[in-house]
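Here is the structure we will look at.
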Amino acid sequence: MTRRLLSIALGLILLAGLAFAWAVWRELRPIPLVQAPELPPTPALIARGELLARAGNCVACHTAKGGEPWAGGHAVQTRFGAIVSSNLTPHASGLGGWSAAEFHRALHDGQSRDGRLLYPAFPYLHTTRLARADTDALFAYLGTLAPVERAREPHRLRFPYDQPLALAAWRVLHFAPGEQRDEPTRSAEWNRGAWWVQGVAHCAACHRAPGVLEGPGEALAGGPMPDGAWWAPSLHDPGEAGVQAWSTEDIVRLLRDGRTDRAAVSGPMAEVVRHGTQHLPEAELRAIAAYLKDLPVVPQPRDDVPAEPRVLLQGARVYEQHCAQCHGKQGEGAWAEGAPLDGPWAFPPLAGNRAVTQASPVNLVRWVLDGGYGPTTAAHPRPWGMPPFRSQLSDDEIAAVASHVRQAWGNGAGGVSALQVQRLR
């Protein structure tokens with residue numbers, strides 16, 4: 001009986017392995033193009049495409065530091081190496097010569113013009129939700145950009161992540177193409193907000209928990225950015241970035257202006273507001289707000305270990321010397337000269353600030369190391385910012401002051417170690 005059960009188990013394992021191998025082989029084959037009549041690039045189509053490109057903040061990844069916008073060359077750092085973005089201008093080295101059908105296949109199926117499988121740093125896990133009319137609009141807009149010559153650079157990935165077979169196996173496990181479908185029990189506004197958040201804006205590309213076997217994990221649950229330099233807070237947790245208890249107006253202001261009376265954006269989110277969400281019509285921002293407000297509340301697990309008293313004492317001294325002038329002696333924040341007293345703080349309070357007290361201290365340490373500015377928006381054309389302290393403070397000092405602000409003035413977060421700062425430095 002035991003021998004028979006073992007034979008059955010081995011047979012099932014063999015069948016599962018063969019099925020998986022067949023699925024991987026199918027994944028490596030070129031996906032047939034979905035042909036459709038080429039739409040003329042009318043002003044309305046181009047404007048729609050520009051709106052989608054802004055919402056997706058496409059220019060950020062497809063622009064190298066100091067390079068021409070949209071021409072690619074930006075290296076997206078990951079734990080497996082660097083993935084270099086492509087040229088989206090209509091030059092022969094970019095999208096010149098592409099058809100709308102080939103462009104749709106890239107966004108919907110994650111496969112390039114030559115049949116290569118695209119790495120998921122290109123967010124086709126999200127753009128697959130776009131309808132053909134939307135990808136055609138994006139293609140029409142990109143066709144209006146100034147052509148820039150910049151040849152495609154090879155990715156710099158470690159073995160085996162640089163192998164098409166490994167990518168195909170990952171896709172079998174984690175990628176299923178398909179357009180967005182409305183939830184019939186939800187309002188039209190909620191469904192439109194879900195379309196923006198889950199689709200072209202691809203919020204879950206950053207705000208997601210790490211998954212099993214390098215999968216994308218739970219959407220919007222928060223986790224480390226691909227390069228590990230920042231932490232994307234959870235949109236399910238009101239103690240992090242959840243806005244379930246916010247008013248719609250406050251959410252709209254944050255996405256449009258970059259700051260409200262209760263929060264301000266910085267780091268990668270400042271880039272999203274600057275290039276993207278501030279340009280969306282208010283009706284679309286309100287739809288996004290309706291969707292975000294309705295997310296289920298799921299608090300992040302925490303394991304807050306207080307810092308030692310000597311560390312907190314050192315942190316208090318560092319804070320008094322370098323931070324109190326702007327953030328206040330009690331972490332109460334301050335207005336700057338020329339800032340409206342009835343508007344948001346120029347220098348935000350640290351007492352009760354959820355960006356300071358969230359489970360991960362990564363962003364707080366990053367701000368101390370490298371400083372940061374809010375986005376330039378119509379409401380705040382000259383945002384105030386914070387200078388970097390990378391060259392002024394040691395790892396021990398940064399760990400101490402970060403621990404101090406996470407535990408002072410009623411804040412109850414855990415301490416920060418010098419090793420954590422060293423890794424981020």
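In table form, for the structure just shown:
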{"quantity": "Residue match in the range 389-404 (condition: touching a strand residue (DSSP E or B) at 6+ places or on another chain (Cβ under 9 Å) and surrounded by fewer than 22 Cβ atoms within 10 Å (Cβ to Cβ))", "calculated": "no"}
{"quantity": "The range 24-33, residues that are open to solvent by less than 90 Å² (accessible area, probe 1.4 Å) and at pLDDT below 85", "calculated": "Val24, Glu27, Leu28"}
{"quantity": "Pairs, first without any contact (Cβ under 8 Å) to a residue 40 or more places away in the chain and farther than 17 Å from Ser360 by Cβ in the range 393-405, second in a helix (DSSP H, G or I) and open to solvent by less than 10 Å² (accessible area, probe 1.4 Å), C-beta under 9 Å, six or more apart", "calculated": "Ser394/Val421; Asp395/Val421"}
{"quantity": "Failed item in (1) among the β-branched types (Val, Ile, Thr); (2) in contact with a Gly (Cβ under 6 Å, 6 or more places away or on another chain); (3) more than 13 Å from Ala307 (Cβ to Cβ), with Val401 passing the rest", "calculated": "(3)"}
{"quantity": "Complete set of residues in the range 171-181 that are under 20 Å from Pro32 (Cα atoms), of a type outside the set (A, V, I, L, M) and open to solvent by 60 Å² or more (accessible area, probe 1.4 Å)", "calculated": "Pro177, Glu179"}
{"quantity": "Scan of the range 182-204 for residues that are out of contact with any Gly (no Cβ under 8 Å at 6 or more places or on another chain) and either part of a loop (DSSP other than H, G, I, E, B) or open to solvent by 60 Å² or more (accessible area, probe 1.4 Å) (or both), ordered by number", "calculated": "Asp182, Glu183, Pro184, Thr185, Arg186, Ser187, Ala188, Glu189, Arg192, Gly199"}
{"quantity": "Search result, residues across the range 96-117 that are more than 23 Å from Leu165 (Cα to Cα), open to solvent by less than 40 Å² (accessible area, probe 1.4 Å) and out of contact with any helix residue (DSSP H, G or I) (no Cβ under 6 Å at 6 or more places or on another chain)", "calculated": "Gly96, Ser99, Ala101"}
{"quantity": "Test: residue in the range 239-247 that is acidic (Asp, Glu) and crowded, with 22+ Cβ neighbours inside 10 Å", "calculated": "yes"}
{"quantity": "Residue ID - surrounded by the most Cβ atoms within 10 Å (Cβ to Cβ), chosen from residues in the range 118-133 that are closer than 17 Å to Val84 by Cβ and in contact with a Gly (Cβ under 9 Å, 6 or more places away or on another chain)", "calculated": "Tyr124"}
{"quantity": "Test: residue in the range 252-273 that is of a type in the set (Lys, Arg) and open to solvent by less than 40 Å² (accessible area, probe 1.4 Å)", "calculated": "yes"}
{"quantity": "Matching residues in the range 142-170 - criterion: being part of a loop (DSSP other than H, G, I, E, B) and within 30 Å of Pro41 (Cα to Cα)", "calculated": "Gly143, Thr144, Leu145, Ala146, Pro147, Val148, Glu149, Arg150, Ala151, Arg152, Glu153"}
{"quantity": "Every pair of residues 6+ apart whose Cβ atoms lie under 9 Å, when the first sits in the range 358-370 and is over 16 Å from Cys323 (Cα atoms) and β-branched (Val, Ile, Thr) while the second is open to solvent by 20 Å² or more (accessible area, probe 1.4 Å) and in a helix (DSSP H, G or I)", "calculated": "Val362/Gln420; Val362/Leu424"}
{"quantity": "Complete set of residues in the range 134-170 that are free of Cβ contacts under 8 Å to residues at least 40 places away in the same chain and open to solvent by less than 60 Å² (accessible area, probe 1.4 Å)", "calculated": "Thr135, Pro160, Ala166"}
{"quantity": "Candidates Ala36, Ala9, Ala53, Ala21, filtered to the one that is outside any loop (DSSP other than H, G, I, E, B), surrounded by 12 or more Cβ atoms within 10 Å (Cβ to Cβ) and at pLDDT below 95", "calculated": "Ala21"}
{"quantity": "Residues within the range 276-332 that are open to solvent by 30 Å² or more (accessible area, probe 1.4 Å) and over 20 Å from Gly371 (Cα atoms), tallied", "calculated": "27"}
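The values are calculated or read from the model by the stated rules, or taken from the named source; none is laboratory data. Predicted model only: the values in this text are computed from it and were never measured. Backbone-built Cβ (ideal geometry, glycine too); neighbour counts: all protein chains shown. These area figures cover heavy atoms from the full protein model, side chains too; ligands, DNA and RNA do not enter into them. Shrake-Rupley method; radii C 1.70, N 1.55, O 1.52, S 1.80 Å.
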